[in-house]
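> Shown below is the structure under consideration.
The values are calculated or read from the model by the stated rules, or taken from the named source; none is laboratory data. All values reported here derive from a predicted model rather than from experimental measurement. Note that we place each Cβ from the backbone using ideal geometry, even for glycine, and neighbour counts take in every protein chain shown.
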Amino acid sequence: MSERELAAIYAALEAISAGATGDSQESECLEFKEDPAVHPNNRNPDAILADVLADEAVCFSNSEGGISYIVVGVSDKKSGAEAFTGTNRRTEWFEKKIFDNTRPSISVEATELTWENTRLVALRVPRGLALYTRRKGQAGKRVGKNCVSLTEEQRRDIVFRRANPDFSAFPSARPMSDIEP
């Protein structure tokens with residue numbers, strides 16, 4: 001992950017440390033998730049977290065927002081130091097679970113972070129190039145801070161737009177001096 005990308009995540013973590021809740025820092029491209037393994041009463045925390053992360057990755061990839069981030073190890077309901085609950089999972093676990101539970105498979109980049117003496121994992125979800133679903137076909141899209149289910153019409157629209165992109169609808173990285181009359 002680039003320094004610029006990490007700076008946006010660190011700004012949100014700083015706000016949480018200062019008293020904001022994780023939920024208040026979430027956006028169309030940033031989500032905080034708590035690892036259920038930190039609570040001993042949770043049954044099958046691996047399956048719970050794998051499902052939640054696959055859902056979020058699908059929603060982010062189906063949205064128009066571009067690159068998005070999921071930070072694991074942060075409670076979105078708490079604030080201050082107690083919001084940072086951490087995770088002990090290896091970065092490869094996150095990458096494999098999301099890859100295996102999405103269609104087409106989504107390759108996320110997992111980066112280990114330390115905040116408030118707590119180990120967190122930031123997942124970089126790439127911009128979507130197709131319609132993404134869970135293994136059983138469920139698909140959602142990120143709208144604001146929420147994931148909403150896609151209708152069949154919305155699914156077809158995403159497939160059409162991504163299969164037939166209008167490159168003139170996006171800003172160019174080339175300077176104006178490169179344009180010839």
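> Take segment 143-181 and flag every residue that is in contact (Cβ under 8 Å) with a residue 60 or more places away in the chain and either surrounded by fewer than 10 Cβ atoms within 10 Å (Cβ to Cβ) or assigned to a loop (DSSP other than H, G, I, E, B) (or both).
GLY144, LYS145, LEU150
> In segment 1-16, which residues are loosely packed, with under 15 Cβ neighbours inside 10 Å and either among the charged types (D, E, K, R) or touching an Asp or Glu at 6+ places or on another chain (Cβ under 7 Å) (or both)?
GLU3, ARG4, GLU14
> Among the numbered criteria (1) within 25 Å of ARG135 (Cβ to Cβ); (2) of a type in the set (S, T, N, Q); (3) over 14 Å from the mean Cα position of the chain (by Cα), which one does SER75 miss?
Just one mismatch for SER75, condition (1).
> Of the conditions (1) touching a helix residue (DSSP H, G or I) at 6+ places or on another chain (Cβ under 7 Å); (2) farther than 14 Å from TYR69 by Cα, ARG135 satisfies every one except a single condition; which number is it?
Failed condition: (1).
> Determine whether GLY66 is within 25 Å of ILE16 (Cβ to Cβ), in contact with a Leu (Cβ under 8 Å, 6 or more places away or on another chain) and part of a loop (DSSP other than H, G, I, E, B).
No: the conditions fail for GLY66.
> Please go through segment 40-53 and pick out each residue that is closer than 14 Å to VAL72 by Cα and surrounded by fewer than 17 Cβ atoms within 10 Å (Cβ to Cβ).
Selection gives PRO45, ASP46, ILE48, ASP51.
> Same structure again: Cβ-Cβ distance below 7 Å, separation of 6 or more or different chains: which pairs start in segment 18-29 with a residue that is in contact (Cβ under 8 Å) with a residue 40 or more places away in the chain and part of a loop (DSSP other than H, G, I, E, B) and end on one that is among the basic types (Lys, Arg) and crowded, with 16+ Cβ neighbours inside 10 Å?
Filtered contacts from segment 18-29: GLU28/ARG142.
> Looking at LYS33, LYS78 in this structure, which one is surrounded by 14 or more Cβ atoms within 10 Å (Cβ to Cβ), under 30 Å from ARG162 (Cβ atoms), among the charged types (D, E, K, R) and touching a helix residue (DSSP H, G or I) at 6+ places or on another chain (Cβ under 8 Å)?
Answer to the selection: LYS33.
> Do the conditions hold for GLY73, that is, is it on the phi > 0 side of the Ramachandran plot and touching a residue at least 40 places away in the same chain (Cβ under 8 Å)?
Yes, satisfied.
> Which count do you get for residues in segment 89-137 that are surrounded by 15 or more Cβ atoms within 10 Å (Cβ to Cβ) and in a strand (DSSP E or B)?
17
> Something else: Find the residue count for segment 42-62, including only residues that are at pLDDT below 95 and either under 30 Å from ARG162 (Cα atoms) or in a loop (DSSP other than H, G, I, E, B) (or both).
Residues that pass the stated criteria total 3.
> Also, I was wondering about something else. Which one of THR133, THR87, THR114 is in contact (Cβ under 8 Å) with a residue 60 or more places away in the chain and of a type in the set (S, T, N, Q)?
THR133
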